[in-house]
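Take a look at the structure below.
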Amino acid sequence: MEKILITGAAGQLGTDLALYIQKRRPAARILLTDIRPEAPQDLADFRYQPLDVNDWPAFEQVLADFAPTEIYHLAALLSGTAEKNPELAWQLNVQTQKHLFDVCVQTLPGVKVFFPSSIAVFGPGAGKFARQQAYLDPTSMYGVTKVAGEQLGNYYHFKHGLDVRSLRFPGLISSKAMPGGGTTDYSVEIYHVAQQQDSYTCYLRDETPMPFLYMPDAMQAIEKLMAAPAPALTVRTSYNIHGFSATPKDFAASIAEAQGRPFELLSHPDFRQAIADSWPAELEDDAARKDWDWQPDFNLKAVTADMLVAVGEAKQTV
Ligand code: AKB
C-alpha cells in the first residue's frame, strides 16, 4: 500500500501536487498536513491534519501513526520571508528537515523523501548561466538554508542509504494557491492583476531576468524524478531544471499580446531586487534530461495563454 505524506500541503506547490498525485495514483493513501488549521477549499476532499512541523513530537507522531512510504516535505520559508526571519528559516528549512531525515532513518525503512530546493542555492559564483555543478555561494538566507538542506540530503543518502531526491525549482507559476513570500511571486500576481487592470507594479526592475517553470512541468518533473530507478540518479544534492527565462517586461508584453490590448509594467524595486540580482537567469539541466528524461513543455507564450484562462475561470467561480 502506497502511503503518501505531504507537509506544507496548503502552499503553492503542495496544492497542485496533492491534486496531481490523487489523479495519477488513485490507489495511494494520501495524508496532507500544513500549519493552517483547516484545509483550503481546493483540498477539501483530502484527509488533512493541521501540523506545525517545528513541533517535533507532533511531527514524529504523524510519521509514526501514518507510516508513510513516500514523503513530500514542502514545509519551508521562501526567500522574502526567510530574509525577514532568518532564525525561523534556519529552524524550519534546515533543522526540522534534518530531524525528519533522522526519524526516517530510524523508523521508516525504505521510505522515499522529496524536498524542493531552489535556484536560491546559486550566488555570484555561479554566473548567470548556472551549471549543475556550479560553485554555491548564496547571498540570501533562504539560499543558505537550501544549500544546507541539499548537503544534508546528499549526506543522509550516502551515509545512511536514505532515498532522498530533490529539484532546484526556479520561480513556479500556477493558477491555484498563490505563492507566499518568494522573490518570483510577481510572475503569478501579474496574471491576477491583468484580469482587472491594465497595469502592474512590480517590486523588481523591469529588465531582471530569472528562470521560471509552469506548474504542470513541475508536476511531471517530480513524478519522473520519484519514479526513476535509484541507480539512474547521479545527483543526490538536487537537480537543476529549467523551463524558460523571462523578465517582468517579458511577462507584461506577453500578457498584452495575448489580451490584444496594452498592459503597462511599472517598477518599484524593494529588498527582493538584491535577491533576484544574485540568482541566475538560466539553468543548465543536462543531468536531469539524461538521468530521468526531463523535458519541459511550456514556454512563456504557452504559460500566458493558459494562465489567463485559468485565473479568469477561478475568479468567476469565487
Ligand atoms: C522564491 O522566490 O523564493 C521561490 C524560489 C525561487 O525558490 N519561488
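The values are calculated or read from the model by the stated rules, or taken from the named source; none is laboratory data. All values reported here derive from a predicted model rather than from experimental measurement. So basically every Cβ, Gly included, is an ideal-geometry build from the backbone, and we count neighbours across all protein chains shown. Heads up: the accessible areas ignore ligands, DNA and RNA and are worked out on the full protein's heavy atoms, side chains in. Shrake-Rupley method; radii C 1.70, N 1.55, O 1.52, S 1.80 Å.
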| request: Could you size up the charge dipole of the chain around its Cα centre, putting +1 on the beta carbon of Lys and Arg and -1 on that of Asp and Glu, and report it in debye to the nearest 20? | output: 580
| query | Residues with amide H under 5 Å of Trp294's amide H, sequence separation 5 or more or different chain, H placed in the peptide plane at 1.01 Å from N; which? | reply | Arg289
| remark: Links exceeding 26 Å between C-alpha atoms in this model, out of Lys98/Lys128; Lys3/Lys23; Lys3/Lys176; Lys112/Lys315; Lys128/Lys176; Lys23/Lys146, come to Lys98/Lys128; Lys112/Lys315; Lys128/Lys176; Lys23/Lys146
| Relative contact order for the range 61-132 using alpha-carbon pairs under 8 Å, separation at least 6, rounded to a whole percent? | 45
| request: Mind grabbing the base-10 log of I(q)/I(0) for the range 57-133 at q = 0.12, 0.19, 0.24 Å⁻¹? Debye formula, identical points on the C-alpha positions, no solvent, two decimal places. | output: -0.45, -0.90, -1.13
| Among Thr247, Ala221, Val309, which residue has its Cα positioned farthest towards the positive end of the charge dipole of the range 219-318, with +1 placed on the Cβ of Lys and Arg, -1 on the Cβ of Asp and Glu, and the dipole taken about the Cα centre? | Val309
| query | For the range 212-318, what is the charge dipole size about the Cα centre, in debye to the nearest 20, if Lys and Arg each add +1 at the Cβ and Asp and Glu each add -1 at the Cβ? | reply | 160
| Gyration tensor (alpha-carbon) shape descriptor, the range 121-267, a/c threshold 1.5 | prolate
| task | Using amide H atoms built 1.01 Å from N in the peptide plane, name the residues 5+ places from Ile30, or on other chains, whose amide H lies under 5 Å from its own. | result | Ile4
| note | For the chain the mean separation of alpha carbon contacts under 8 Å (6+ apart) over residue count, i.e. relative contact order in percent, is 18
| remark: Residues whose built amide H sits under 5 Å from the amide H of Ile241, excluding neighbours closer than 5 in sequence, are Arg168
| message | Probe radius 1.4 Å, ligands and nucleic acids ignored: give me the carbon and sulfur share of the accessible area of the chain as a rounded percent. | response | 52
| task | Would you please classify the overall shape of the range 249-296 from the alpha carbon gyration tensor, given that a ≥ b ≥ c denote the square roots of the eigenvalues, rounded means a/c under 1.5, and beyond that prolate means a/b larger than b/c while oblate covers the rest? | result | oblate
| task | Please compute P(r) over all alpha-carbon pairs of the range 55-188, binned at 10 Å starting from zero, and give each bin as a whole-number percent. | result | 12, 40, 35, 12, 1
| task | Over the range 187-318, calculate the relative contact order: mean separation of alpha carbon pairs under 8 Å at least 6 apart, over the residue count, as a percent. | result | 41
| remark: The answer for the per residue Cα convex hull volume of the chain, in Å³, is 123
| field | Long-range Cα-Cα pairs in the range 187-318 (distance over 26 Å), rounded percent | value | 33
| Rounded to the nearest 500, what is the chain's calculated 222 nm mean residue ellipticity when only DSSP H runs of at least 4 contribute -39500 (n - 2.57) each, over all residues? | -12500 deg cm²/dmol
| task | May I ask you to evaluate 6.51 cos²θ - 1.76 cosθ + 1.60, the Karplus curve with θ = phi - 60°, for each residue of the range 162-170 and list the ³J(HN,Hα) values in order in whole Hz, giving x for glycine and proline? | result | 5, 8, 9, 10, 7, 10, 8, 7, x
